[in-house]
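The values are calculated or read from the model by the stated rules, or taken from the named source; none is laboratory data. Please read these numbers as outputs of a predicted model, since none were measured by experiment. Don't worry about glycine lacking a Cβ; one is built from the backbone with ideal geometry, like all the others, and counts go over all protein chains shown.
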Amino acid sequence: MDYKKIISETIKIDGVSEEEIYSLIALPKDLSLGDFALPCFKFAKALRKSPNMIAEDLAKLDYNGAFEKVEAVNGYLNFKVNKKAQAKQILDDVLTSGEKYGSSQIGMGKTICIDFSSVNIAKPFHMGHMLNTSIGSALYKIYKELGYNVVGINHLGDWGTQFGKLIVAYKKWGDKEDIERRGVRGLLDIYVKFHKEAEEHPELDDEARLWFKNIEDGNKEALDLFYWFKDITLKEVSKIYERLDVHFDSYAGESFYNDKMEPVVEELQQKNLLSESEGAQVVKFEDDKMPPCIIKKKDGATLYATRDLAAAFYRKKTYDFDKCLYVVAYQQNLHFKQWFKVVEMMGYDWAKDLYHVAHGMVSLENGALSTREGNVVFLEDVLNTCVAKAKKVIEEKNPNLENKDEVAEQVGVGAVIFAMLYNSRIKDITFSEDKVLSFEGETGPYVQYTYARCNSLLEKCGAIEGDVDYSGIDNESAAEVIRTISKYQDVLIDASERFEPYLVTRFVVELAQAFNKFYFECNIANAEQGIKNARLLLTKAVKQVLQNALKLLGIQTPKKM
């Protein structure tokens with residue numbers, strides 16, 4: 001039952017829409033005042049009355065018996081729902097909807113492109129990619145759940161002089177058999193060696209530029225090596241994506257836009273937006289505080305901005321997106337601000353539909369990450385370590401568990417994802433394996449354990465038979481669980497509008513905490529049958545909502561732990 005909708009449909013005020021009234025309804029900080037509150041101050045001008053008088057008049061309306069009490073207090077209209085009726089309605093809704101609970105069709109007919117992960121070919125998938133990948137994947141799933149047509153794009157870093165460097169490194173120090181066996185790790189070793197050698201032999205950089213030119217010119221040997229490096233990388237990252245439950249609809253990377261940049265440059269010229277600056281072609285902005293956007297360097301080479309412009313035009317033409325999101329670290333704030341402005345200056349109103357979903361950085365307790373210096377922690381190694389540690393904890397807590405390896409994988413990988421998504425995306429993260437694997441506190445394992453607790457309780461108590469006595473959940477701890485469940489769809493919508501998956505992560509922690517409080521305060525297994533049935537229905541609903549929400553984060557739910 002949508003109580004906010006009942007309120008907004010019942011109240012009629014000239015000049016104030018139903019949607020406006022709906023948006024004003026909030027959850028009071030002090031729940032003793034009511035379950036919903038409507039401030040009446042904004043209605044004073046339209047009704048030419050004081051907010052207190054307006055609230056008193058609106059309190060007399062008939063809200064179809066949805067509330068046991070409607071009260072005017074200091075210009076607010078406070079609503080208290082009938083707890084038993086609310087509990088029955090919400091539990092019926094959850095258990096009838098099942099996996100679809102929380103979903104909606106508000107995005108029907110709208111397309112959202114999400115550019116995320118964007119790994120670099122021939123470079124490791126390291127911890128620095130994890131935050132970007134987790135945020136993008138969660139947004140992808142949340143928008144799908146809300147009925148949007150979503151296009152997940154992995155804008156591969158598959159172009160640039162680094163490939164010339166890698167070819168030189170391979171031809172000088174590489175071994176085909178070793179690279180085939182060790183994959184990206186083998187490529188990383190020779191890449192790091194190149195940079196160390198180039199410090200003493202700068203002529204290596206000239207060789208690298210020549211080999212990259214060979215790639216651009218279609219030289220067979222250069223292209224064969226380039227595509228081999230790309231194939232090795234994609235095979236390895238696909239295994240990581242599978243473990244993280246991450247999916248893409250397009251792998252169109254930088255190289256895909258090689259033949260699509262020149263038309264954009266020509267259009268900029270035709271619209272007199274390009275000017276020369278020290279030999280380079282740039283777009284200058286009226287705002288002098290923002291430096292010019294370089295479109296072509298002095299030597300005619302294109303840059304990231306040129307490719308991003310070409311990609312944006314291609315995506316608009318191909319997908320006709322309503323929004324195009326770029327999940328990229330905050331260090332690139334200026335870059336996106338510049339080229340978004342260029343699209344606007346070109347006269348395209350869809351520039352307003354481009355969003356930089358900025359996020360923080362991930363570091364380890366022992367410092368930052370650097371591919372060039374070889375100071376890299378492979379994500380695969382972090383996942384494997386967390387899975388191994390999770391298995392050790394599981395063996396201590398439940399030595400007789402049959403599928404320890406499967407559960408350890410679910411818990412270890414889930415712990416890493418949960419840690420990435422627990423805070424607002426803009427915050428930097430210092431990752432600690434021990435902290436994220438704790439079964440206590442606000443962690444992934446804690447929420448998964450709560451799910452497993454629900455499942456075990458339901459298995460132990462057997463089928464729900466006979467009448468349901470809803471007085472069994474007519475108490476504050478049960479009411480808090482019901483209140484939390486009822487917020488789920490609003491949380492998803494809020495997360496989609498703010499591009500903040502952490503709202504879903506915080507929600508599952510809140511629900512797990514509320515349920516565990518209820519679990520310890522209310523006897524379930526040994527209660528009278530009718531009361532027991534009500535409490536089992538609540539348990540079943542919590543289990544379902546936890547599963548639904550964790551799935552959107554890419555986290556699996558083990559039945560036993």
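For the stretch 226-280, the set of residues classified as of a type in the set (D, E) and outside any helix (DSSP H, G or I) consists of D245, D249, D259, E276, E278, listed by residue number.
Pairs linking a residue in the stretch 16-42 that is within 14 Å of N78 (Cα to Cα) to a residue that is modelled with pLDDT under 85 and surrounded by 13 or more Cβ atoms within 10 Å (Cβ to Cβ), with Cβ atoms under 6 Å and 6 or more positions apart or on different chains, are G34/P28; A37/P28.
Out of G441, G414, I need the residue that is of a type in the set (G, A, S), under 19 Å from V504 (Cα atoms) and modelled with pLDDT under 95. Which one?
Exactly one residue qualifies, and that residue is G441.
Only residues that are under 22 Å from L156 (Cβ atoms) and either outside the structural domain of F116 (by TED's automatic domain parsing) or small (G, A, S) (or both) were counted in the stretch 322-347, giving 1. Pairing each residue of the stretch 477-501 that is over 17 Å from K4 (Cα atoms) with any residue that is surrounded by 23 or more Cβ atoms within 10 Å (Cβ to Cβ) and among the hydroxyl-bearing types (S, T, Y), provided the two are 6+ apart or on different chains, yields C-beta distances under 7 Å for S496/Y143.
Here K165, K193 are screened, and the one residue that is basic (K, R) and surrounded by 18 or more Cβ atoms within 10 Å (Cβ to Cβ) is K165.
Among F285, F248, which is in the same structural domain as G347 (by TED's automatic domain parsing), aromatic (F, W, Y) and either surrounded by 13 or more Cβ atoms within 10 Å (Cβ to Cβ) or touching a Pro at 6+ places or on another chain (Cβ under 7 Å) (or both)?
Answer to the selection: F248.
Of all positions in the stretch 132-154, none carries a residue that is at pLDDT 95 or above, hydroxyl-bearing (S, T, Y) and on the phi > 0 side of the Ramachandran plot.
Could you please let me know if L139 is assigned to a helix (DSSP H, G or I) and within 29 Å of the chain's Cα centre (by Cα)? So that I can check it myself, show each step before the final result.
Working: assigned to a helix (DSSP H, G or I): yes; within 29 Å of the chain's Cα centre (by Cα): yes.
Judged against the criteria, L139 is a match.
Could you give me the residue pairs with C-beta distances under 7 Å whose first residue belongs to the stretch 52-75 and is free of Cβ contacts under 8 Å to residues at least 24 places away in the same chain, whose second residue is among the acidic types (D, E) and outside any helix (DSSP H, G or I) wherever it lies, and which are 6+ apart or on separate chains? Listed by first residue and then by second, the contacts come to A59/E71. Residue count for the stretch 275-310 satisfying the condition of being within 13 Å of E262 (Cα to Cα) and hydrophobic (A, V, I, L, M, F, W, C): 6. Residues that are surrounded by fewer than 23 Cβ atoms within 10 Å (Cβ to Cβ), touching a helix residue (DSSP H, G or I) at 6+ places or on another chain (Cβ under 6 Å) and assigned to a helix (DSSP H, G or I) within the stretch 517-535 comprise K517, E521, I531, listed in sequence order. Of all the numbered requirements in (1) under 30 Å from the mean Cα position of the chain (by Cα); (2) on the phi > 0 side of the Ramachandran plot, D231 misses one, and that requirement is (2).
Of all residues in the stretch 106-124, those satisfying the criterion of being at pLDDT 95 or above and of a type in the set (S, T, N, Q) are T111, S117. Of the residues making up the stretch 239-268, those that are of a type in the set (G, A, S) and modelled with pLDDT under 95 are A252, G253, S255.
Let's see how each residue does on (1) part of a helix (DSSP H, G or I); (2) charged (D, E, K, R); (3) free of Cβ contacts under 8 Å to residues at least 60 places away in the same chain:
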| position | (1), (2), (3) |
| --- | --- |
| M130 | yes, no, no |
| T133 | yes, no, no |
| F163 | yes, no, no |
| E180 | yes, yes, yes |
| L187 | yes, no, no |
| I190 | yes, no, yes |
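Against the list (1) at pLDDT 95 or above; (2) under 26 Å from I215 (Cβ atoms); (3) touching a Lys or Arg at 6+ places or on another chain (Cβ under 6 Å), the condition D322 fails is (2).
Is there a residue in the stretch 77-96 that is among the hydroxyl-bearing types (S, T, Y) and loosely packed, with under 15 Cβ neighbours inside 10 Å?
Scanning the stretch 77-96, I find at least one residue that is among the hydroxyl-bearing types (S, T, Y) and loosely packed, with under 15 Cβ neighbours inside 10 Å, so the answer is yes.
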